[in-house]
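J.: Before I ask anything, let me first share the structure, which is written out below as structure tokens.
The values are calculated or read from the model by the stated rules, or taken from the named source; none is laboratory data. Worth saying up front: this structure is predicted, and the values here are computed from it rather than measured. Every residue, glycine as well, gets a Cβ built from its backbone with ideal geometry; the counts of neighbours run over all protein chains shown.
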Amino acid sequence: MINLKKLMLTGLLIANTSLFATYENDKDTLGNIALKVGIWKSDLGGSIENENSATDFENDFGYDDSKNINTFALDLKNDISWLPNVNISYFRLNNSSTNIFTSDKTIAGVNNINGKVSSTVEYQEINTILYGFLYNGPFEFDFGLNFKKIDYTQYIIENNGGNPVIYGPDSIIVLPYGAIKINLDFIDTVLMAKASILSFGDNEAKDYEYSINYRVMRNIYLSYGYKYNSFKTTNENNDQEIYDVNIKGNYISCKILF
């Protein structure tokens, strides 16, 4: 015999679950476009490892200070069931440091690097996420793919004039993407955690963040959170040399819905 109560509950669950919908606890009349700008207090870290030496970004290069960088994101949602939603984010970091190497290092084929060494990092990244989501009550579960494009160059100037240059991945990396949102409508707050992680051999890329988002006006959110972003790759001319680079730190941002 069919349990009518269970049947009704199942129907309500299906009716409230959708792959595509508008924004968290917002009115449909706001539309499906969001622009987000923020300031990320980032710490640069990582290492360069090969058969001859290991070089640390903080202890050897001297990258021990936080640097504020600007972040931008555009989120486009739609009401067409077979089209994914799109989130595009971007950041750019320029950072320089000078330090004294206390032991000989080998980097990018240049041996016996020692003494006073200057390093400049130029790092920019674009993440294009195609995603759908399931929504039920206060919980939303996002899933999709993150197409990550990393442009990374590190220039090193040392006493002997070898001046090695380090490059990051030269192709787009496709990572699985997942997120969870908890909509606390009664206090105009959204809690969010999201991640993209992929490892393949000696290469990997990952990013994750968590945040608390408070709606200060009908179409404006202020956010505070923590973000970690990293990649690991090998030297294009020497697969025994591994570059492991990360940026991490807290951020604040403002999101405007249109």
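J.: Looking at the structure I just gave you, is N70 on the phi < 0 side of the Ramachandran plot, modelled with pLDDT of 95 or more and not β-branched (V, I, T)?
T.: Here the answer is yes, as N70 does meet what is asked.
J.: Based on what the data block shows, is F139 surrounded by fewer than 16 Cβ atoms within 10 Å (Cβ to Cβ), at pLDDT below 95 and among the aromatic types (F, W, Y)?
T.: Taking the combined requirement at face value, the residue satisfies it.
J.: Oh, and also: Only one residue in F147, F186 is free of Cβ contacts under 8 Å to residues at least 12 places away in the same chain, out of contact with any His (no Cβ under 7 Å at 6 or more places or on another chain) and either at negative phi or not aromatic (F, W, Y) (or both). Which one?
T.: Step by step, each of F147, F186 is checked, and only F186 is free of Cβ contacts under 8 Å to residues at least 12 places away in the same chain, out of contact with any His (no Cβ under 7 Å at 6 or more places or on another chain) and either at negative phi or not aromatic (F, W, Y) (or both).
J.: Okay, next question. Exactly one condition in (1) assigned to a strand (DSSP E or B); (2) at pLDDT below 95; (3) farther than 18 Å from Q124 by Cα is false for G161; which is it?
T.: Result: G161 fails condition (1) only.
J.: Turning to a different aspect of this structure: Can you give me the number of residues within the stretch 63-82 that are assigned to a loop (DSSP other than H, G, I, E, B) and without any contact (Cβ under 8 Å) to a residue 40 or more places away in the chain?
T.: The number of residues fulfilling the criteria is 3.
J.: Could you say whether any residue in the stretch 184-200 is over 27 Å from D43 (Cβ atoms) and touching a Pro at 6+ places or on another chain (Cβ under 9 Å)?
T.: Within the stretch 184-200, one or more residues are over 27 Å from D43 (Cβ atoms) and touching a Pro at 6+ places or on another chain (Cβ under 9 Å).
J.: I'd like to check something: does the stretch 201-213 contain any residue that is part of a strand (DSSP E or B), of a type outside the set (F, W, Y) and more than 22 Å from F72 (Cα to Cα)?
T.: Among the residues of the stretch 201-213, at least one is part of a strand (DSSP E or B), of a type outside the set (F, W, Y) and more than 22 Å from F72 (Cα to Cα), which makes the answer yes.
J.: Confirm whether Y90 is assigned to a strand (DSSP E or B), closer than 18 Å to W40 by Cβ and in contact with a Leu (Cβ under 7 Å, 6 or more places away or on another chain).
T.: Against the criterion (assigned to a strand (DSSP E or B), closer than 18 Å to W40 by Cβ and in contact with a Leu (Cβ under 7 Å, 6 or more places away or on another chain)), Y90 does not qualify.
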